[in-house]
């Protein structure tokens, strides 16, 4: 039975290790998604700034104004597409966050299960050791009595002791 319990503990430990790897992957995926969202947000901010700058530069000449307006529309259109990309990225970020949280909870549950199994194994080991010590302790007085009184039991040694006292006293 002890071998089965050791196997189970090893398997639980291995499962916890694998779950930790899965959690590490999820956390890396989360970080990558956060970085992607920051980059896209930065792109949106820069495109909006470029569009705003185009309006200021094109106010002096009519041809330049028309060109600036087309440029501004292109920048704002691109910014709109990037905002859509950002919205998709943020939705994906929420999914990844939820998956990472679920993986973290699962890993913590497995870690606690492994700890409980280890604690139980330590308690069982302590019990076995105590039982062995108790057996040794219960055999020790009998062995001492047997050697001191020529192989007599504790009761026999007591009787022998009383009879020898009776003869001498």
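Since every read-out is calculated from the coordinates, none of them should be taken as a lab result. This is a predicted model, so every value here is computed, not measured. Here Cβ is always computed from backbone atoms with ideal geometry, including for glycine, and neighbour counts include all displayed protein chains.
On the principal axes of its Cα set, how long, how wide and how thick is segment 30-123? Give whole Å, largest value first.
Here the spans come out as 88, 16, 11 Å, largest first.
At a Förster radius of 41 Å, what calculated FRET efficiency corresponds to the Cβ-Cβ distance of residue 15 and residue 81, to the nearest 0.05? Present the calculation step by step, with values, prior to reporting the outcome.
Working: r = 44 Å, r/R0 = 1.08.
In this case the efficiency is close to 0.40.
Provide the gained length on full extension for the span residue 139 to residue 64, in nm with one decimal, where the gain is 0.36 nm per separating residue minus the Cα-Cα distance.
On the way: separation 75, 0.36 × 75 = 27.00 nm, distance 10.80 nm.
Value of the extension gain: 16.2 nm.
For residue 74 and residue 101, what does the FRET efficiency come to when R0 = 45 Å and r is the distance between their Cβ atoms, rounded to the nearest 0.05? Could the numbers behind the result be given before it?
Details: r = 40 Å, r/R0 = 0.90.
According to the calculation, E is roughly 0.65.
Could you calculate the FRET efficiency of residue 32 with residue 109 from 1/(1 + (r/R0)^6), where r is the beta carbon distance between them and R0 is 30 Å, rounded to 0.05? Kindly include the intermediate steps, with their values, before the conclusion.
Details: r = 26 Å, r/R0 = 0.86.
Efficiency at R0 = 30 Å is approximately 0.70.
When the chain is fully extended, how far beyond the present Cα-Cα distance does residue 127 get from residue 25, taking 0.36 nm per residue of separation? Please list the in-between numbers first.
Numbers: separation 102, 0.36 × 102 = 36.72 nm, distance 4.09 nm.
Gain on stretching residue 127 to residue 25: 32.6 nm.
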